[in-house]
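Notes follow the structure.
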């Protein structure tokens, strides 16, 4: 049965999931064909391809994009769906096939991580209105950088961990973030941050600042258990330290049982969050290193529809 949203533009990152995604492409195509879903398959060759494919598809009249890969692939596709702060095509639908990549985004929605069951969710009309976060930060050469994120962003220790993980062997898969965390923590110094979240503010010590649209990140950690990605709100968690909290809090983070906590400040943002610090703090979103503070995080309510 053809999709009510038209032909699928399927954007595949063959290197995601230790190249398991690329190995699953034949199964993906067989499954789409068996379900009678017309599609166009686009395979990325390097960074930036997924965003370009998404942008060109939407401007060419496509309204149903399917990202096949992990959070990095979804991040690129989402960024390709926006231009100058607005969606390129209103009413565009985003489908996600994790295909064994360990995508954290799908965990919030309870979507499967294998090709066959993921494709089942591409059928029918069910969608979920997804908020998108917009980040304006300082790039590596002092330039202004604008990026969009669908899942979780952070400033501080998490950004430094992600940057460290990028230098570890890709063969480690999701475990590289765990390893990078313990390699980065000993040398990371607490910062003094200044936050303005709509009408509320915080000034004080911080190890990291989490800005969450969805609930999971870092390979299954339920970092923001109170987040609902269609409520028009970004949930902000300020981990105030000391760093020794990491030893006691980390197991609780995986279960989503770390809040409320006396060393975690909770804020909610409907419009904009401004983050500054006594030194430039690294920023990452959806597992991608973006830049440094000072940074502004904004909410674009229900800007994309996710296929369920």
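The values are calculated or read from the model by the stated rules, or taken from the named source; none is laboratory data. Computed from a predicted model, the values in this text were never measured in an experiment. Positions of Cβ are backbone-derived with ideal geometry, glycine not excepted, and every protein chain shown enters the neighbour counts.
A few comments on the model shown:
Quick grid of which residues meet (1) at pLDDT 95 or above; (2) farther than 27 Å from residue 265 by Cα; (3) outside the structural domain of residue 211 (by TED's automatic domain parsing); (4) surrounded by fewer than 24 Cβ atoms within 10 Å (Cβ to Cβ):
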position: 98; (1), (2), (3), (4): no, yes, yes, no
position: 109; (1), (2), (3), (4): no, no, yes, yes
position: 167; (1), (2), (3), (4): no, yes, no, yes
position: 186; (1), (2), (3), (4): no, no, no, yes
position: 191; (1), (2), (3), (4): yes, no, no, yes
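- Against the criterion of being buried (at least 23 other Cβ atoms within 10 Å of the Cβ) and either more than 21 Å from the chain's Cα centre (by Cα) or at pLDDT below 95 (or both), residue 78 does not qualify.
- Exactly one residue out of 85, 124 is closer than 30 Å to residue 308 by Cβ, in contact (Cβ under 8 Å) with a residue 40 or more places away in the chain and over 20 Å from the mean Cα position of the chain (by Cα), and it is 124.
- Among (1) surrounded by fewer than 17 Cβ atoms within 10 Å (Cβ to Cβ); (2) over 19 Å from residue 196 (Cα atoms), the one test that residue 286 misses: (1)
- From the list 307, 222, 270, 240, the lone residue that is at pLDDT 95 or above and outside the structural domain of residue 156 (by TED's automatic domain parsing) is 307.
- Reported count of residues in region 193-219, each being out of contact with any helix residue (DSSP H, G or I) (no Cβ under 6 Å at 6 or more places or on another chain), at pLDDT 95 or above, crowded, with 18+ Cβ neighbours inside 10 Å and closer than 23 Å to residue 300 by Cβ, is 7.
- Of the residues 305, 224, the single one that is in a strand (DSSP E or B), within 30 Å of residue 98 (Cα to Cα) and in contact with a strand residue (DSSP E or B) (Cβ under 7 Å, 6 or more places away or on another chain) is 305.
- Check on residue 138, crowded, with 22+ Cβ neighbours inside 10 Å and modelled with pLDDT of 95 or more: no
- First in region 248-274 and closer than 20 Å to residue 218 by Cβ, second anywhere and part of a helix (DSSP H, G or I), Cβ under 7 Å, 6 or more apart: 258/249; 258/252; 263/245
- Qualifying residues in region 26-52 (those that are without any contact (Cβ under 8 Å) to a residue 60 or more places away in the chain and touching a strand residue (DSSP E or B) at 6+ places or on another chain (Cβ under 6 Å)) - the one surrounded by the most Cβ atoms within 10 Å (Cβ to Cβ): 50
- Filter result for the condition that a residue is modelled with pLDDT of 95 or more and part of a strand (DSSP E or B), over 235, 231: 235
- Residue list for region 238-259, restricted to those being surrounded by 15 or more Cβ atoms within 10 Å (Cβ to Cβ) and either on the phi > 0 side of the Ramachandran plot or part of a loop (DSSP other than H, G, I, E, B) (or both): 240, 241, 256, 258, 259
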